[in-house]
1. What's the number of the condition Ile187 fails, among (1) surrounded by fewer than 17 Cβ atoms within 10 Å (Cβ to Cβ); (2) modelled with pLDDT of 95 or more; (3) not acidic (Asp, Glu)?
2. Could you check, for the range 75-87, whether at least one of its residues is in a helix (DSSP H, G or I), buried (at least 19 other Cβ atoms within 10 Å of the Cβ) and at pLDDT 95 or above?
3. Which one of the conditions (1) in a helix (DSSP H, G or I); (2) open to solvent by less than 20 Å² (accessible area, probe 1.4 Å); (3) among the aliphatic types (A, V, I, L, M) does Met280 fail to meet, given that it meets all the rest?
4. Which ones in the range 307-328 are of a type in the set (A, V, I, L, M), closer than 24 Å to Gly209 by Cβ and open to solvent by 60 Å² or more (accessible area, probe 1.4 Å)?
5. Of all residues in the range 283-306, how many are in contact with a helix residue (DSSP H, G or I) (Cβ under 9 Å, 6 or more places away or on another chain), surrounded by fewer than 21 Cβ atoms within 10 Å (Cβ to Cβ) and closer than 19 Å to Ile210 by Cα?
6. Do you know which of the residues in the range 36-74 that are in a helix (DSSP H, G or I) and of a type in the set (A, V, I, L, M) is surrounded by the fewest Cβ atoms within 10 Å (Cβ to Cβ)?
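The values are calculated or read from the model by the stated rules, or taken from the named source; none is laboratory data. Values in this document were obtained by computation on a predicted structure and should not be read as measured data. Counting neighbours? That spans all protein chains shown, and the Cβs are built from the backbone with ideal geometry, glycine included. What goes into the accessible areas is simple: the full protein's heavy atoms, side chains included, and nothing from ligands, DNA or RNA. Shrake-Rupley method; radii C 1.70, N 1.55, O 1.52, S 1.80 Å.
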Amino acid sequence: MTARWMAGATLMAATCLAAPAQAQEASPEPINAVATTGMVGDIVQQVGGECVTVTTLMGPGVDPHLYRASARDVSIFQAAEMIFYSGYSLEGQLGDVLERLGETRPTIGVAPASTDVDELITTQDEYGLDPHLWMDVSLWSRIVPTVADALSQQRPACETRFQDHAEAYVAQLEALHQWVKESIASIPEQQRILVTAHDAFNYYGRAYGIEVAGIQGLSTATETGVADIRRMADVVVEREVPAVFVESTISPRTVQAVIEAARQQGHEVSIGSQLYSDAMGETGTLDGTYIGMLYRNTQHIVESLGGKTPALPRALDDWAARWGISSS
């Protein structure tokens, strides 16, 4: 054997050994991540892409305020490499479980990690702070870099991809925020009031200039009394509200009671389309994405209250094309 052949063989062997390592670096094992709610889970998936596998604990129609972990959920948590939850007591029943899990694996409360308390809406109940931040797209978009940074620490080989995905997604959310604002502004001022089952839309109202009136309090665990029904019916009659809204995670009986009380005062009011408040729609549908959740809610609110939604901005062209929506 010549020295040249030996050198070539050695180089070939080194190349063959290096190839699997390079392939592994290009496509590392996806992070096994668990998210409590769909709103959190969709952000993690959008940022993580192929480098993350996301399991969402609470699916469509599930109320996080009242959710209790099952034995199956505990097993899912224990198998997770990372856990993401909303925070600010939204997942009240899971608080102790999440705290214990945080001792053994990265467990990130995305809302507290991304916002200052003085930016939040305060309440007079046991929560102290309104946890429904995702209703303000500009506020919720702040969790995107938080998620990107957390994923990058866990899987440095994917950091560039995480940051690129995050940048592109934030641009989409900025465009969505402006579209929602323009849409709500089209509603006649007298009718610019959103009556819903509970106080999940206060951030939406503050961000987009629509008055919000919830029949129940901040948490669905609170009881609705006859006085609450009468008070809301008086508002509906006085403002000549054309529609009130039910929510996907809450029984419509309180909304129906308000409609009947308003009818007794001579005012006819209809039930607007169902809104998504504490949970998104079915997985694999437009409504099962965070952007779709806000798009669909706004579409229903505006059309039911006498406004008109503008065309979607160009920054949302790719998202709109995926779901067969006509954009700008």
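1. Of (1) surrounded by fewer than 17 Cβ atoms within 10 Å (Cβ to Cβ); (2) modelled with pLDDT of 95 or more; (3) not acidic (Asp, Glu), only one is false for Ile187: (1).
2. No: the range 75-87 contains no residue that is in a helix (DSSP H, G or I), buried (at least 19 other Cβ atoms within 10 Å of the Cβ) and at pLDDT 95 or above.
3. Among (1) in a helix (DSSP H, G or I); (2) open to solvent by less than 20 Å² (accessible area, probe 1.4 Å); (3) among the aliphatic types (A, V, I, L, M), Met280 violates only (1).
4. Of everything in the range 307-328, just one residue is of a type in the set (A, V, I, L, M), closer than 24 Å to Gly209 by Cβ and open to solvent by 60 Å² or more (accessible area, probe 1.4 Å), namely Ala311.
5. Qualifying residue count for the region: 3.
6. Ala71
Here's the yes/no breakdown for (1) out of contact with any strand residue (DSSP E or B) (no Cβ under 7 Å at 6 or more places or on another chain); (2) open to solvent by 20 Å² or more (accessible area, probe 1.4 Å):
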{"position": "Ser89", "(1), (2)": "yes, yes"}
{"position": "Gln93", "(1), (2)": "yes, yes"}
{"position": "Leu98", "(1), (2)": "no, no"}
{"position": "Pro112", "(1), (2)": "yes, yes"}
{"position": "Gln124", "(1), (2)": "yes, yes"}
{"position": "Trp134", "(1), (2)": "yes, no"}
